[in-house]
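These notes are about the structure you will find just below.
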């Protein structure tokens, strides 16, 4: 699970975990494009199952987004 990530540097790729990425479309700290345009497409190209949720907001996670992320986690 990655909440508003700006970069990734995996030391290796092992297994096939499901991944959840969420990012606010008005994030002033780490632009949403880092997730939407670089991280998520790269993960998918590597063959990972990625759930991507872009929400209306900044570099925060409102309670409803947090609940959705944790519901995904316990599926």
Restricting the range 53-66 to residues that are closer than 13 Å to residue 5 by Cβ and touching a helix residue (DSSP H, G or I) at 6+ places or on another chain (Cβ under 9 Å), the one modelled with the lowest pLDDT turns out to be 61
If you check residue 50 against the conditions, is it surrounded by 15 or more Cβ atoms within 10 Å (Cβ to Cβ), in contact with a helix residue (DSSP H, G or I) (Cβ under 9 Å, 6 or more places away or on another chain) and either under 16 Å from residue 1 (Cβ atoms) or at pLDDT below 95 (or both)? yes
Of all the residues that make up the range 1-25, how many are loosely packed, with under 13 Cβ neighbours inside 10 Å and either touching a strand residue (DSSP E or B) at 6+ places or on another chain (Cβ under 8 Å) or within 20 Å of residue 61 (Cα to Cα) (or both)? 2
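The values are calculated or read from the model by the stated rules, or taken from the named source; none is laboratory data. Nothing here was measured: the structure is a model prediction, and the numbers come from that model. Cβ sites come from the backbone with ideal geometry, for glycine too, and all protein chains shown count toward neighbours.
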